[in-house]
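Heads up, the thing below is written out as structure tokens.
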Amino acid sequence: MLNREGCPENVLAIKDALDALEGRWKLLILLSLSERKKRFKELSREIYGITDKTLSKELKLLEANKLITRNVQSTFPPTVEYAITAHGKSIQIVLDALYQWGTKHRKEIIGK
């Protein structure tokens with residue numbers, strides 16, 4: 001079955017998933033938030049190599065895709081916490097599969 005763009009439905013579903021998770025940081029952010037909700041600086045420290053600007057951009061995109069929530073608490077200064085949504089938690093099976101494949105791939109390529 002083709003959609004209006006002439007793309008098969010199975011390809012369109014994978015394209016949508018890749019669009020929501022594209023880049024090198026989104027899966028790492030979701031993995032970090034799968035443990036517990038965190039503040040911006042906690043995420044920044046935990047995800048090695050990400051800049052604050054990139055983290056901010058990626059968090060906005062994850063929120064737009066309903067994979068995380070942003071909760072602003074009315075404290076002074078305001079406290080912002082990020083948490084994974086139920087929809088975001090549904091990616092865990094993919095993360096587990098990527099971990100298994102990555103472990104096998106690492107052994108295949110570099111023997112470790």
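Nothing in this text is a laboratory measurement; each read-out follows from the coordinates by a stated rule. Please read all numbers here as calculations on a predicted model, not as lab measurements. Virtual Cβ from ideal backbone geometry, glycine too; neighbours counted across all protein chains shown.
Determine which member of the set Ala13, Ala20 is touching a residue at least 24 places away in the same chain (Cβ under 8 Å) and in a helix (DSSP H, G or I). I'd like the intermediate steps shown before the answer.
Values: Ala13 fails: touching a residue at least 24 places away in the same chain (Cβ under 8 Å).
Just a single option satisfies the conditions, and that option is Ala20.
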Filter the range 6-30 down to the residues that are touching a strand residue (DSSP E or B) at 6+ places or on another chain (Cβ under 8 Å) and loosely packed, with under 11 Cβ neighbours inside 10 Å and list them by number.
Glu9
Subset of the range 65-90 [under 18 Å from Trp25 (Cα atoms), without any contact (Cβ under 8 Å) to a residue 24 or more places away in the chain and assigned to a strand (DSSP E or B)]
Thr69, Arg70
Considering only the range 46-92, state which residues are surrounded by fewer than 13 Cβ atoms within 10 Å (Cβ to Cβ), of a type in the set (Lys, Arg) and within 20 Å of Arg36 (Cα to Cα).
Lys60, Lys66
Filtering the range 37-51 down to residues that are without any contact (Cβ under 8 Å) to a residue 12 or more places away in the chain and on the phi < 0 side of the Ramachandran plot yields Lys41, Glu42, Ser44, Arg45, Tyr48, Thr51
